[in-house]
Every structure is written in C-alpha cells, then in structure tokens.
1. In whole percent, what relative contact order does the chain give with Cα contacts below 8 Å and a gap of six or more residues?
2. With charges only on Cβ, +1 for K and R and -1 for D and E, what is the dipole size of the chain about its Cα centre, in debye, rounded to 20?
3. Step by step: find N for segment 153-197, compute 2.2 N^0.38 Å, then divide the Cα radius of gyration by it. What's the final number?
4. Please label the shape of segment 121-167 as rounded, prolate or oblate, based on the square roots a ≥ b ≥ c of the eigenvalues of the alpha-carbon gyration tensor (a/c under 1.5 means rounded; beyond that, a/b larger than b/c means prolate, else oblate).
5. Please quote Rg/Rh for the chain to two decimal places, taking the Kirkwood radius as Rh and restricting both calculations to Cα atoms.
6. If I build a Gaussian network model for the chain, linking alpha-carbon pairs within less than 10 angstrom, which residue out of ASP74, ASP195, ASP92 has the largest mean-square fluctuation?
Amino acid sequence: MTPASPAPRGVYLITPDEPDTARLLARTAPLLAAGATWLQYRNKQADTALRHAQASALQGLCMRYDVPLIINDDAALAHAIGAAGAHLGEDDGEIAAARALLGPDAILGASCYDELALAERAVAAGASYVAFGAFFPTLTKRTTRRATPDLLRRSAALGVPRVAIGGLTPDNVGPLIDAGADLLAVISSVYAATDPVATQRAYLAQFQPAAAGTAQESP
C-alpha cells in the first residue's frame, strides 16, 4: 500500500493457532471469498518449519482471492514468501529495518496498544498502518492495556489506516468505526463462530450505514 492508495476498510482477518495446514486453508478460503480486506497469518504455537509452510500456502490462497497477506511478528518470513507485508509488536523488531527489508510498497503495521506516542513513532519509522487495542476484554491475548474510541479520533492526523483489535463483536464495533477505525481485526469471533461467513458479513454490515447516509446526501 502506497500513501496514494485509497484507505482500506473492512475486516482484517487474523488466523487462529491452527496446526493442520489443510484445515487452515479450508477454514480461511470462504472468508476470503466473502470479502476479507486483509489476512494476517498468526500462529503462536507453530515452529519455524510449520510457519513457513502455512504462510506459503496462505500466500497462494490470498493471491487467488486478491487479498493481501500480512505476516505477524516476522518480516523475514514475509520477505521470504513474497507476502504483502508484516505486522510487528513492540518486541518484534524495528519498523525501519522491516521497511528497508520489505520495500516501499509493503503493508507494514505496528501494534500501538493504547499509546498515541507509539503510533507517532511507528509512522515516522515507516509504518503504513497502526493498530490500537485491546478495546474490550479478550481471551486471545492477555493484556492490561485498554484503548478507547478517543484514541482513534486523536490519531486521525497520522494519515494512515487505523486498526481496532481486541474483544470485538459485530454488536460493539459501531462506536469504533464512528471514531475512525478503518479496519476491524478479528480472530476467534469469526473463526470460532457457528457460521464464520455470516459473522464476517455482520462485521462488514457495520460499515454500511455511514456509506448509505453519504449516498443519500449526494445530489
């Protein structure tokens, strides 16, 4: 994503810790087909070999559906498989080094938790989007940091897409979108749902009222 590209909006799907690569692909393909904006490969339980195999397989799947693949915590793996980019937490390496490795067009994201200052530093170092959270209690990752909608509003001046993550459901994301969240990062709320595709579509529907209102105001 280059600075001139339109800001992405929608569901930023993150994979669960799935050890079976075939099952991971089977679970993910319908969600890509149903309109995921980006996919992040994240598997905290996998060893190096499995991570490479799964990331490579997902890269092929993402190319089929024209969905950018972003690798969690590992810019080197993203570079090795030709992924669209990488996402780094505060302990996962320097944004500037990842930008130098992946090139100017890579999608490079940074976890900024509940701190605007972290986001400002990340963008200055070359991040092309920032992620804030957790906004709500979540079982995916233990954290005491809690972001607020006001943080999304105050970060608008950064000029990059803002991702909301942490305890999101289709019922609680409306205020986050209204505050400026461009992408909703979700894992278990979609993958573990009784009907993952329907749940993803419920998230996407939360972006529609504002668009409909804009259309009604047009001459």
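Nothing in this text is a laboratory measurement; each read-out follows from the coordinates by a stated rule. Predicted model, so just to flag it, every value in this text is computed and none were measured. Ideal geometry is used to build each Cβ from the backbone, glycine not excepted, and the neighbour counts take in all protein chains shown.
1. 19 percent
2. With only Lys, Arg, Asp and Glu charged at Cβ, the dipole is about 180 debye.
3. 1.28
4. Prolate.
5. 0.94
6. ASP195
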